[in-house]
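One structure below.
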Amino acid sequence: MSARAIPLTLEAGIPDHKPTFSEAQALAEANRCLYCHDAPCVVACPTGIDIPGFIRKIATDNLKGSARTILSANLLGYSCARVCPVEVLCAGACVHQHQGTPTIAIGRLQRYAVEKAFERGDAAQLLRRKPLNEKKIACVGAGPASLACAGYLALEGFAVTVYEGRALAGGLNTTGVAPYKMHVDGALREVDLVKDLGVTVKTGVTVGKDITPQALLDNHDAVFLGVGLGADTRLGIDGEDGAGVVGATAWIERLKTEPGFALDGVKAAVVVGGGNTAIDAARELAHLGIRDVALAYRRTEDVMSGYAHELAHGREEGVRLVENAVPQSFVRDGAKLTGVALADGRVLPADLVLVAIGQAKAPESVPAFPGVQRDAKGGLVADAATGRTGNPKVFAGGDVLGGELVVTAVQDGKRAARAICAALGVAVDPDAPMMAGHV
Ligand code: SF4
């Protein structure tokens, strides 16, 4: 895997908040694991990684085996190690918490093992790949669900092509992850791993515009739709189209991927919302040196959907929470934004407002495949166990089905890969990578 030149973007100024373990740190942490039978951490992992198994391999200096264990159950185990909310998943279930000792840093150990494989350049070689069969698969969108589905199918011998409308693959791992968790180069390393498994990734190709759904159906044995979410939801109040008011995910994408994008003259910012995207955006603004960052939430802290531990970090970094804050209008001096007026009469100073109250359930451009239906909220309808849609050749997974974590998207992709094999009559060995972890 070759080193990649990444153009300098604003995220470069935001450091990694959990740097890679040194060898000594990894060994010390791995040796604290109790290697539990029926380990609760494994149950809590949506992909079912054999966590005590990979940690024991770190402790016994079998780093290749450790990475193989992780990547079998979760091909995107690198990004999951960096972005998963481990506090409420694997580490949150660790038995150490019942003994009054710190829980095992599972995410950091997982990152260590996979990063070593990336550094050696042998990550793709750790997994057994079958010879090519005669079947072709198209994956639409290059986010975690599609990359996982594509990678697992490539290992089983399928010829897989991923179609991505953006210039960069990786989906939200590339365009949306908070920089203190992972920069763009980390996400692209993982895209390279999937390519090294034999997957063709075509970026700058939008299905529905550059290639028709029918052409994909005609030329492939199955199609996987991992198209993610749509545009940022708007507040729907006057002045929202004016300068200084931006959708949060659109802003984060520019921060991460647009060379030269800058925060000219911003001294005060307001992020509207109470979810994890809102907290991430507020923390990013604080990291970038904005002195006054307010998180404006319409209700009270106890009912916020964002993680309490992320909000706690945000507060340490200078983010202030404003409860019962319902934006009513924008305050301007001429065209220049100066604040947000709330329904109760308070005014929050702001040169920049990020709106983080959700996204459309599927991109407006989601290609219309015959037989694929949308639900009442705009997401796609599919069988929960397999991801199969109303069109027997079309499967779906990830955010477009309502999942909200990278790790659940990976599991969706893995399940769909298994279902595609079953639908196309391709036998899968019990010890194949796609059979590892939770069914
Ligand atoms: Fe190790 Fe904790 Fe998992 Fe037990 S629950 S295997 S101690 S990480």
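The values are calculated or read from the model by the stated rules, or taken from the named source; none is laboratory data. Computed from a predicted structure; not experimentally measured. As a convention, Cβ positions derive from the backbone with ideal geometry for all residues, glycine included, and neighbour counts pool all protein chains shown.
The single condition from (1) crowded, with 19+ Cβ neighbours inside 10 Å; (2) of a type in the set (V, I, T); (3) within 15 Å of the ligand (Cβ to nearest atom); (4) within 21 Å of the chain's Cα centre (by Cα) that V83 fails is (3). So for region 232-244 (the condition being among the hydrophobic types (A, V, I, L, M, F, W, C), in contact with a Ser or Thr (Cβ under 8 Å, 6 or more places away or on another chain) and not assigned by TED's automatic domain parsing to the domain that holds H313), does at least one residue qualify? Within region 232-244, one or more residues are among the hydrophobic types (A, V, I, L, M, F, W, C), in contact with a Ser or Thr (Cβ under 8 Å, 6 or more places away or on another chain) and not assigned by TED's automatic domain parsing to the domain that holds H313. For region 186-197, does any single residue satisfy the condition of being farther than 30 Å from P15 by Cβ and modelled with pLDDT of 95 or more? Within region 186-197, one or more residues are farther than 30 Å from P15 by Cβ and modelled with pLDDT of 95 or more.
For region 398-423, the set of residues classified as at negative phi and part of a loop (DSSP other than H, G, I, E, B) consists of G403, E404, L405, listed by residue number.
What pairs can you find where one residue is in region 265-290 and in contact (Cβ under 8 Å) with a residue 40 or more places away in the chain and on the phi > 0 side of the Ramachandran plot, the other is part of a strand (DSSP E or B) and of a type in the set (V, I, T), and their Cβ atoms are less than 8 Å apart, with a gap of 6+ or different chains? That search, which allows pairs on different chains as well, returns G273/V355.
Could you identify the single residue in A142, A91, A138 that is part of a helix (DSSP H, G or I) and surrounded by 18 or more Cβ atoms within 10 Å (Cβ to Cβ)?
A91
Which count do you get for residues in region 198-219 that are in a loop (DSSP other than H, G, I, E, B) and surrounded by 20 or more Cβ atoms within 10 Å (Cβ to Cβ)? Number satisfying all stated conditions: 1. Exactly one residue among C94, C80 is modelled with pLDDT of 95 or more, in the same structural domain as E23 (by TED's automatic domain parsing) and within 15 Å of G437 (Cα to Cα), and that residue is C80.
For region 328-349, a residue qualifies if it is in a loop (DSSP other than H, G, I, E, B) and either surrounded by 13 or more Cβ atoms within 10 Å (Cβ to Cβ) or at pLDDT 95 or above (or both), and the qualifying residues are A343, D344, G345, R346. Of the residues making up region 384-426, those that are farther than 14 Å from C139 by Cα and in contact with a helix residue (DSSP H, G or I) (Cβ under 6 Å, 6 or more places away or on another chain) are T386, G403, V406, V407, R418.
Those helices (runs of 4 or more DSSP H) of region 1-74 in which 2 or more residues are among the hydroxyl-bearing types (S, T, Y) and within 13 Å of the ligand (Cβ to nearest atom) are absent.
Report whether or not V227 is closer than 28 Å to R129 by Cβ, at pLDDT below 95 and buried (at least 23 other Cβ atoms within 10 Å of the Cβ). Judged against the criteria, V227 is a match. The selection criterion, being within 13 Å of the ligand (Cβ to nearest atom), at positive phi and either acidic (D, E) or at pLDDT 95 or above (or both), does not hold for G107. What's the number of the condition T389 fails, among (1) in contact with a Phe, Trp or Tyr (Cβ under 7 Å, 6 or more places away or on another chain); (2) closer than 27 Å to V272 by Cα? Among (1) in contact with a Phe, Trp or Tyr (Cβ under 7 Å, 6 or more places away or on another chain); (2) closer than 27 Å to V272 by Cα, T389 violates only (2).
The condition of being surrounded by 24 or more Cβ atoms within 10 Å (Cβ to Cβ), of a type outside the set (F, W, Y), under 27 Å from L127 (Cβ atoms) and touching a strand residue (DSSP E or B) at 6+ places or on another chain (Cβ under 8 Å) holds for only one of A409, A423, A419, A396, that being A396.
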